[in-house]
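Participant: Submitted below is the structure of interest, expressed as structure tokens.
The values are calculated or read from the model by the stated rules, or taken from the named source; none is laboratory data. Not measured: the values here are computed from a predicted model. Cβ atoms come from the backbone with ideal geometry, glycine included; neighbour counts cover every protein chain shown.
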Amino acid sequence: MRTIHKICAVLLAMLVLAGCREEDVIFVPEVVEIAQPEFNDVQGMYVLNEGNMGSNKATLDYYNFSTGRYTRNVFGFANPSVPKEMGDVGNDLGIYGSKLYAVINCSNKVDVMDKMTVKKIGQIDIPNCRYIKFYGGYAYVTSYAGPVEIREDYEQRGFVAKIDTTTLQVVDTCVVGFQPDELDIVNGKIYVANSGGYMVPNYENTLSVIDIATFKEEERIPIAINLQGCRADSHGTLWVSSRGDYYENSSMLYAYDTRHHRLLKAFDTRVSSMWLDGDSLYVIGVQFSYVTMKNEVTYAIINTATLEQVADNFITDGTERDITIPYAVAVHPITKDIYVTDGKDYVSPGWLFCYSAEGKLKWSVRTGDIPGHFAFLGKNINDF
Amino acid sequence: MKRRLTLWGLVCWCVVCCVAQDAESVGSSRLDSMQYLKNVTVYGTKPYAEVIPAQVLSGKQLEGLNSHSVADAIRYFSGVQIKDYGGVGGIKTVDMRSMGSNHMGVFYDGIQLGNAQNGQIDLGKFSLDNIEEISLYNGQKSEIFQPARDFGSAGSIYLRTRRPKFAPGKSDNLNVTMRTGSFGLANPSVRWEHKFSRKVSLSLNAEYTYATGQYHFRYRKMFSDGVVAWDTTAVRKNGDIYALRLEGSVHGVMPDGRWNAKAYYYDSEKGIPGAIVNNVWKTAQRQWDRNFFAQGMYQQKITEKYELLASAKYARDYMRYWNPDTTLMYINNKFWQDELYASVANKYTLARDWDVDLSVDYKWNYLNSTLVNFAYPTRHTVLAALATAYTWQRLKGQASLLYTHVNDRYTSRSGGTVVERHNKRLDRFTPAVFVSYQPWAQYDLNIRAFYKRIFRMPTFNDLYYTDMGNASLRPEYATQWNLGLMYQHYNDMGLLSAVRLSADAYYNIVTDKIIAVPKGTGQYRWMMMNIGKVKIRGIDLAARMALRLPGNVLLEGGLTYTYQRAQDYTNPADNKDGGTYKGQIAYVPWHSGSATLHGAWRDLDLNYSFIYVGERYHTSANIRANHEQPWYTHDLSASYSFRVMKLQCKVTGEVNNLFNQQYDVIQNYPMPGRNYKLILKVDI
């Protein structure tokens, strides 16, 4: 009998020791010193972590160049009164004027923050929103959730929303192709990469061209199936990436001349993410090979003036072996340091790697889950 | 009266394996769940007790647990974790000793429930209305006379439905039950039992469940100084369920044998309440399930030394998943599964204490679906188990070797036409050894140990799901070592009527674990791979005791405690800051346990139960951002039995989650707070 009491007491003690529930406390950002301070016109860099779908773990990190400090998860602390923080799946990030915009895909909204303090100013509700670009006082956001035609072959087109950046209201929408992803603006026209990702295996293959003045879709330009990326360079060339169909058709990169309306060149390069810096297009890519059953990766630089691939691997010290899934790339506007993120297994914390312009690893730091999007904060760098 | 109390204690105890039960002591029992045991033991002259007895919940004890589904009840076993997405219709799957829910076999009236599509048995779907006993075995049921399939899981749960029993002079029983309460629950059920003869009886059972599934949940966060930062209360939406269950069975006994046949039908429509994330407080996805199976078993002692057990089953399952939310990808997927199964088990007694068994099973599975370019896989499985059991004085041992042959046939398609036909074969042998020893004849103390190596086949989804499946997957292995002891003691006199203590330490390794890894570009692209490795070290403790107090008061209580270190050894390179290497795997708490207390006085029963799940992380990267709080709930119930004219009635009131704790079992899936249930049962 006494033994039983003892055992009971020990069991209860174990439970008590194991701990009780505590109040959930606002996440205090974690600060890590990772590099020597740098002083130039670029003062900081925001990194948007996507967070796996359903996890509500979209988070914002900030790297301060003038202190060399990396701060994880700044949004929750700066906005303690926002329920359920930033939301589910951060899909794009941009700075325009004094504001920072974060497109949160599965939370169906764009968070608008003060670019210095990250304090939330407002929110623009757009279902299934994807990417954002700015022009002439307006923000343009693509969305998969256009009008629906329920027929035998259910069809659901996407749209581009035009948002007044002073009132934060959607002032107009323009229906485009199926499941539009990235967009860019050249010479008074918005080019939208339509993916058709929901239409498997009948992917979309066109760019939609919207006239900014009338905000009407003018034409569709066939490029390749399942388009994703879309960047305009200073030569009027649009760099468009295709995801392929993941089987016979590989991911590819296309250069389209918007002035002469012709395809200039197709590059047999895998593209997950690209970043344009001057005449250099940095491209990273991952493609799963059913032969080796492994992901094969690309770290390339393409000269947008000569249309030549000038580097096959911009990481020169062999440290790319530390990267599991290269997910996003960015380049410092002044120092030309290269930032590459690692998505890892999508459910554990990702990493950010910084390489010098020569491709040597400078530092790396743990981020939130799936670091995927960048925005540089500084003078004369966000003016379009 | 004392006699009756003793019996009550035994009934409530319910942890003693049925065959080991002394038929004499139950002989004069009143109409309760134990009476059936008499029937079981009547024909078997030498029931071979299991080497390692199961954890069992049955009868009164099961009734007292305020559980709606089998999953709710299983939480009271040690070493078990439930993944619960909340609500009446929410998915609930069971994971034993952290090996993953796919390693778990669930048996319904002796025959395994299959799901070749995804390997998951949603135990939330099985209501307790018609369940009489739930037993849980680590490793396998350590009895050799069973179908080969029973040797084929790393852990097993046996659900036994209520079998008809009749009071003297009665040939019909009618039971009507109505349950209602929170979540807009309306849950009537009816059961009719009929005795055709002394040897053949019938049971028919129907249950309907409707619930709006709505409940309030609350999320809030504080500043570190205790000031509220944000505090939101909302109503859980799209958790409604409509479910109909029909079940019929015929039971027969013969000289030296028995047989039964049953048919089961379940039809449900339910909403799928998704994750609660910022700006999204409701979802629109829905799911339809239709499950049908018919099965039969025949057991006969042919000669003094040879006994035969034959069983067969046909099952057809339909599932439809629909996403009508037009802001998202439109999905309307339908799946149909068929299973045919037949088994023969042969037991031969070589010597008085030495039995051998040869069991051979055949199983056929087919999956059909509306997915584009689907593989339409067929799987033929042949299982053969050779097992032997030997008893030498107080030492009991059992060894088995399972042979598995799997043949998958599937197609590769493009544009709807067949491009290639595939035919894959696999042969494996897996062993298991169980030993128990009683050092002193006068004490019922047993030291027990087992070793088992088993694998689970990749499911049809793992292998062939369009785009994500990986046809080159290998089986996922689980290897288990267990060492433990159990002590039990019964008293006919005195205050303490019964006590049972058990402790087990175990070490499991899961290798070639099938996990989804990212592939190619974009977040939504995954591939199943055999890359995971998990090592699990754990301790399970369980204690139960029953007290006879003065004034006809019976008091009994149980405690379970589980400690588990389940570490992720998948990627040794991922050992930096925030890495997953050696991290505790997702949703496995280090500490968990339960406490139950039951008091009975005359026609009044009171139950209290407590569940505790300690802190966890939602991924194997054990950092602050991935931390999940402990949760614990207190449930209370009271029931009173009375007679109205010739009707035997029982009314029960339940309060669950008494202190209204707001918690998530799975991140962003809020669980219900305090809720109530009222049950009225009438027996005619």
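Participant: Of all residues being β-branched (Val, Ile, Thr) and closer than 23 Å to residue A:30 by Cα in region A:330-365, which is nearest to the other protein chains (Cβ to nearest Cβ)? Just the residue, please. Spell out the reasoning first.
Facilitator: First, pick out the residues of region A:330-365 that are β-branched (Val, Ile, Thr): A:331, A:334-335, A:338, A:340-341, A:347, A:365.
Remaining after also requiring closer than 23 Å to residue A:30 by Cα: A:340-341, A:347, A:365.
Values: A:340: 14, A:341: 13, A:347: 5, A:365: 9 Å.
The qualifying residue nearest to the other protein chains (Cβ to nearest Cβ) is A:347.
Participant: A further question follows. Given the conditions (1) of a type in the set (Val, Ile, Thr); (2) over 18 Å from residue A:124 (Cα atoms); (3) within 13 Å of chain B (Cβ to nearest Cβ), report the number of the one that residue A:67 does not fulfil.
Facilitator: Of the numbered conditions (1) of a type in the set (Val, Ile, Thr); (2) over 18 Å from residue A:124 (Cα atoms); (3) within 13 Å of chain B (Cβ to nearest Cβ), the odd one out for residue A:67 is (3).
Participant: So, one more: Being touching a residue at least 12 places away in the same chain (Cβ under 8 Å) and either touching a His at 6+ places or on another chain (Cβ under 8 Å) or at the interface with chain A (Cβ under 10 Å from one of its Cβ atoms) (or both) is the filter here; which residues of region B:623-637 pass it?
Facilitator: Answer for region B:623-637, where residues must be touching a residue at least 12 places away in the same chain (Cβ under 8 Å) and either touching a His at 6+ places or on another chain (Cβ under 8 Å) or at the interface with chain A (Cβ under 10 Å from one of its Cβ atoms) (or both): B:623, B:627, B:628, B:629, B:630, B:631, B:632.
Participant: Identify the single condition in (1) more than 14 Å from every other protein chain (Cβ to nearest Cβ); (2) modelled with pLDDT under 95 that residue B:291 does not satisfy, given that it satisfies every other one.
Facilitator: (2)
Participant: I need the full set of residues from region A:338-384 which are charged (D, E, K, R) and surrounded by fewer than 21 Cβ atoms within 10 Å (Cβ to Cβ), in order please. Before you say what the answer is, go through the steps one by one.
Facilitator: Let us first name the residues in region A:338-384 that are charged (D, E, K, R), namely A:342, A:344-345, A:358, A:360, A:362, A:366, A:369, A:379, A:383.
Correct list: A:358, A:360, A:362, A:379, A:383.
Participant: Kindly evaluate residue B:665 against the criterion of being within 19 Å of residue B:607 (Cβ to Cβ) and β-branched (Val, Ile, Thr).
Facilitator: Criteria not met by residue B:665.
Participant: Given (1) within 10 Å of chain B (Cβ to nearest Cβ); (2) within 20 Å of the chain's Cα centre (by Cα), identify the lone condition not met by residue A:233.
Facilitator: Unmet for residue A:233, out of (1) within 10 Å of chain B (Cβ to nearest Cβ); (2) within 20 Å of the chain's Cα centre (by Cα): (1).
Participant: Just checking, how many residues over region B:484-497 are in contact with a Ser or Thr (Cβ under 7 Å, 6 or more places away or on another chain) and either assigned to a loop (DSSP other than H, G, I, E, B) or among the basic types (Lys, Arg) (or both)?
Facilitator: 2
Participant: Can you tell me which residues in region B:228-242 are more than 7 Å from chain A (Cβ to nearest Cβ), of a type in the set (S, T, N, Q) and surrounded by fewer than 18 Cβ atoms within 10 Å (Cβ to Cβ)?
Facilitator: Our first condition is that a residue be more than 7 Å from chain A (Cβ to nearest Cβ); within region B:228-242, this holds for B:228, B:231, B:233-242.
Next cut, of a type in the set (S, T, N, Q) only: B:233, B:238.
Of everything in region B:228-242, just one residue is more than 7 Å from chain A (Cβ to nearest Cβ), of a type in the set (S, T, N, Q) and surrounded by fewer than 18 Cβ atoms within 10 Å (Cβ to Cβ), namely B:233.
Participant: Moving to a separate point now. Just name the residue that is surrounded by the fewest Cβ atoms within 10 Å (Cβ to Cβ) out of those in region B:498-525 that are in a strand (DSSP E or B) and modelled with pLDDT under 90.
Facilitator: Residues of region B:498-525 that are in a strand (DSSP E or B), as a first pass: B:498-518.
If we keep only those that are modelled with pLDDT under 90 as well, we get B:515-518.
Numbers: B:515: 20, B:516: 17, B:517: 19, B:518: 24.
Checking each candidate, the answer is B:516.
Participant: Something else about it: Check whether at least one residue in region A:117-129 is farther than 24 Å from residue A:228 by Cα, touching a residue at least 40 places away in the same chain (Cβ under 8 Å), in contact with a strand residue (DSSP E or B) (Cβ under 7 Å, 6 or more places away or on another chain) and assigned to a loop (DSSP other than H, G, I, E, B), and report yes or no.
Facilitator: Yes, there is a match, as at least one residue in region A:117-129 is farther than 24 Å from residue A:228 by Cα, touching a residue at least 40 places away in the same chain (Cβ under 8 Å), in contact with a strand residue (DSSP E or B) (Cβ under 7 Å, 6 or more places away or on another chain) and assigned to a loop (DSSP other than H, G, I, E, B).
Participant: Right, something else. Scan region B:222-248 residue by residue and report those that are touching a His at 6+ places or on another chain (Cβ under 9 Å) and part of a strand (DSSP E or B).
Facilitator: Listed by number, the residues that qualify are B:233, B:234, B:235.
Participant: Could you please find all residues in region A:80-106 being out of contact with any Cys (no Cβ under 9 Å at 6 or more places or on another chain) and at the interface with chain B (Cβ under 9 Å from one of its Cβ atoms)?
Facilitator: Within region A:80-106, A:80, A:81, A:82, A:83, A:84, A:85, A:86, A:106 qualify.
Participant: Which residue, of B:658, B:604, is more than 22 Å from residue A:55 (Cβ to Cβ) and touching a Phe, Trp or Tyr at 6+ places or on another chain (Cβ under 6 Å)? Working first, answer last.
Facilitator: On the way: B:658 fails: touching a Phe, Trp or Tyr at 6+ places or on another chain (Cβ under 6 Å).
It is B:604.
Participant: Given the options A:306, A:292, name the one that is part of a loop (DSSP other than H, G, I, E, B) and over 30 Å from residue B:416 (Cβ atoms).
Facilitator: Of A:306, A:292, the one residue that is part of a loop (DSSP other than H, G, I, E, B) and over 30 Å from residue B:416 (Cβ atoms) is A:306.
Participant: Examine region B:556-571 for a residue that is modelled with pLDDT of 95 or more, more than 13 Å from chain A (Cβ to nearest Cβ), more than 30 Å from residue A:92 (Cβ to Cβ) and not in a strand (DSSP E or B), and state whether such a residue exists.
Facilitator: yes
Each row is one residue, and each column tells you yes or no for (1) in contact with a Gly (Cβ under 8 Å, 6 or more places away or on another chain); (2) farther than 18 Å from residue B:667 by Cβ; (3) hydrophobic (A, V, I, L, M, F, W, C).
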site	(1), (2), (3)
B:612	yes, yes, no
B:625	yes, no, yes
B:630	yes, no, no
B:639	yes, yes, no
B:645	no, yes, yes
B:648	no, yes, no
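Participant: Which condition does residue B:280 not pass, out of (1) closer than 30 Å to residue B:219 by Cβ; (2) more than 14 Å from chain A (Cβ to nearest Cβ), if it passes all the others?
Facilitator: Only one criterion in (1) closer than 30 Å to residue B:219 by Cβ; (2) more than 14 Å from chain A (Cβ to nearest Cβ) is unmet by residue B:280, namely (2).
Participant: Same structure again: Going through region B:495-515 one residue at a time, which ones are facing chain A (nearest Cβ under 10 Å) and among the small types (Gly, Ala, Ser)? Spell out how you get there, then give the answer.
Facilitator: Of all residues in region B:495-515, those facing chain A (nearest Cβ under 10 Å) come to B:495-496, B:499, B:501, B:503, B:515.
Within region B:495-515, just B:503 meets the criteria.
Participant: Mind listing whichever residues of region A:241-271 are more than 14 Å from chain B (Cβ to nearest Cβ), more than 22 Å from residue A:311 (Cβ to Cβ) and outside any strand (DSSP E or B)?
Facilitator: Answer for region A:241-271, where residues must be more than 14 Å from chain B (Cβ to nearest Cβ), more than 22 Å from residue A:311 (Cβ to Cβ) and outside any strand (DSSP E or B): A:258, A:259, A:260, A:261.
Participant: Need the failing condition index for residue A:137 against (1) more than 14 Å from chain B (Cβ to nearest Cβ); (2) under 26 Å from residue B:326 (Cβ atoms), just the number.
Facilitator: Unmet condition: (2).
Participant: Check A:38, A:23, A:50, A:33 and return the single one that is surrounded by fewer than 18 Cβ atoms within 10 Å (Cβ to Cβ) and either under 14 Å from the mean Cα position of the chain (by Cα) or modelled with pLDDT of 95 or more (or both).
Facilitator: A:33
Participant: State which residue is surrounded by the most Cβ atoms within 10 Å (Cβ to Cβ) when the search covers only region A:60-90 and only residues that are among the polar types (S, T, N, Q) and farther than 16 Å from residue A:367 by Cα. Don't jump to the end; show me each part of the working.
Facilitator: Taking region A:60-90 and keeping what is among the polar types (S, T, N, Q), we get A:64, A:66-67, A:71, A:73, A:79, A:81.
Keeping just the survivors that are farther than 16 Å from residue A:367 by Cα gives A:66-67, A:79, A:81.
On the way: A:66: 12, A:67: 16, A:79: 19, A:81: 11.
Of everything passing the filter in region A:60-90, A:79 is surrounded by the most Cβ atoms within 10 Å (Cβ to Cβ).
Participant: Mind checking which pairs have a first residue in region B:356-378 that is on the phi < 0 side of the Ramachandran plot and within 14 Å of another protein chain (Cβ to nearest Cβ) and a second that is among the basic types (Lys, Arg) and in a strand (DSSP E or B), Cβ under 6 Å, 6 or more apart or different chains?
Facilitator: Going by the 6 Å Cβ cut-off, the qualifying pairs are B:370/B:334.
Participant: Step by step: first the residues of region B:648-669, then only those that are within 14 Å of chain A (Cβ to nearest Cβ) and assigned to a loop (DSSP other than H, G, I, E, B), then the one that is surrounded by the most Cβ atoms within 10 Å (Cβ to Cβ). Which residue is that? Spell out how you get there, then give the answer.
Facilitator: Here is the first cut: in region B:648-669, the residues within 14 Å of chain A (Cβ to nearest Cβ) are B:657, B:659-669.
From what is left, the residues that are assigned to a loop (DSSP other than H, G, I, E, B) are B:657, B:659-663, B:667-668.
Numbers: B:657: 21, B:659: 9, B:660: 12, B:661: 17, B:662: 18, B:663: 19, B:667: 19, B:668: 19.
Within region B:648-669, the match that is surrounded by the most Cβ atoms within 10 Å (Cβ to Cβ) is B:657.
Participant: Which condition from (1) buried (at least 17 other Cβ atoms within 10 Å of the Cβ); (2) within 12 Å of another protein chain (Cβ to nearest Cβ); (3) part of a strand (DSSP E or B) is the one that residue B:479 breaks?
Facilitator: Exception for residue B:479: condition (2).
Participant: Taking only pairs six or more apart or across chains, which ones have beta-carbon atoms under 9 Å, a first residue in region B:212-227 that is more than 7 Å from chain A (Cβ to nearest Cβ) and within 16 Å of residue B:668 (Cβ to Cβ), and a second residue that is of a type in the set (Gly, Ala, Ser) and assigned to a loop (DSSP other than H, G, I, E, B)?
Facilitator: That search, which allows pairs on different chains as well, returns B:215/B:86; B:215/B:87; B:215/B:239; B:215/B:673; B:217/B:86; B:217/B:673; B:218/B:673.
Participant: In region B:86-118, which residues are closer than 23 Å to residue B:671 by Cβ and either in contact with a Pro (Cβ under 9 Å, 6 or more places away or on another chain) or outside any strand (DSSP E or B) (or both)?
Facilitator: Once the filter is applied, which keeps residues that are closer than 23 Å to residue B:671 by Cβ and either in contact with a Pro (Cβ under 9 Å, 6 or more places away or on another chain) or outside any strand (DSSP E or B) (or both), region B:86-118 yields B:86, B:87, B:88, B:89, B:90, B:91, B:98, B:100, B:101.
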